[in-house]
1. With a ≥ b ≥ c the root eigenvalues of the C-alpha gyration tensor of the stretch 122-162, is it rounded (a/c under 1.5), prolate (a/b larger than b/c) or oblate?
2. Report, in debye and to the nearest 20, how large the dipole of the chain comes out about its Cα centre when Lys and Arg carry +1 and Asp and Glu carry -1 on their Cβ.
3. Straight-line reach from K98: which aspartates and glutamates have Cα under 17 Å away, leaving out those fewer than 8 places along the same chain?
4. Restricting attention to the stretch 126-161, which GluC sites (Glu not before Pro) occupy a DSSP loop and are surrounded by at most 16 other Cβ atoms within 10 Å?
5. For the stretch 100-185, run through the trypsin sites (Lys or Arg not before Pro) and keep only the ones in DSSP coil with at most 14 other Cβ atoms within 10 Å of their Cβ.
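What follows draws every value from the coordinates through simple rules; no lab data is involved. From a predicted model like this one, the values you see are computed outputs, not experimental measurements. In this analysis, Cβ positions are derived from the backbone assuming ideal geometry, glycine residues included, and neighbour counts consider all displayed protein chains.
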Amino acid sequence: MDGNGRWAARHGKARHAGHRAGVRAARSITKACVEVGTDVLTLFAFSSENWRRPIDEVNSLMRLFVEVLQREIDEIHERGIQFRFIGAREQLPEILRKRISAAEVRTANNDQMTLVLAVAYGGRWDLVQAARRVAAKVRAGELEPGEIDEGVIGRHLSLTGLPAPDLLIRTGGERRISNFLLWDIAYTELYFTDALWPDFNPGELENALAFFRSRQRRFGRTSDQLEAVGD
Ligand code: IPE
Ligand code: MG
C-alpha cells in the first residue's frame, strides 16, 4: 500500500494524515473484496525495512495500527472475516502484539474471507524464519535434508495453509516488489498502478480485477496445451 506520504504532500498535509487516509482506503478495499468474493486479502502495511524511517513516523504508525485494530475488530468479526497476522511480531510493541493475538483468537472460526495483515514483514525474513525452523527439525531428527522439498518450505512460510496469491497490486507508481511475499508470488499476476494508495478505491480495484481476468495463466505450459484442456 504505497503512496500515503505523497498523497499527504499533494493535499498540503503531514505524512501522518496520509497514513490515516491510507487506513480509510484499506477499510473500503477490504469491504469491496468481501463483496466480490475474495478468499484472501493480504495488506502489506509495514516492511522489515520500514524500521529505518524516522522514529516519530514509526511510532505514529505503530499507534495507528493499535488504534485501527481496536476500532475495526468488531466490524471485521461481524462481517465474518478471519484476521491473520504475518511478520516479526517480537519486534512490535507489546500492546500491538496483544491486539493482534486477540483479533486472531476472536476471528479464528470466521470463513467469509481471510484478511492477512503484514507488519514488520519481509519476504526474505519469511524465508529465513522458515529455514531456521526446518533446520531445527533436521537437527531434532524429525526430517532428512533430502526430504526438504517445495511443500516443506511452503508449510513453514507465513502464509502456510493459504493458496498462493493470484494477484498482487502495487500502488504508488513503483514497479518493484520491495521484499513482499517472495516465494509465494512465483506465479502471481502483477498489477502496477500510479494511483496513490489513499486514492485506490473500489473502481481502481475493479480495474485491477479486469486486468487479472485478461491474463492467461499458463503456469509454465503453452497456450495450445491450455486450449486443448479447455478453459
Ligand atoms: C506507504 O506509504 C505506507 C507505509 C509504508 C506505512 P508511504 O509512506 O511509503 O508513502 P510515500 O511513498 O512516501 O508516498
Ligand atoms: Mg513509499
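1. It comes out prolate by the Cα gyration axes.
2. Result for the chain is approximately 860 debye, rounded to the nearest 20.
3. Here the aspartates and glutamates satisfying the reach criterion relative to K98 are E67, E72, D74, E90.
4. Hits after loop and neighbour filter: E142.
5. Those that pass, being in a loop and sparsely packed, are R175, R176.
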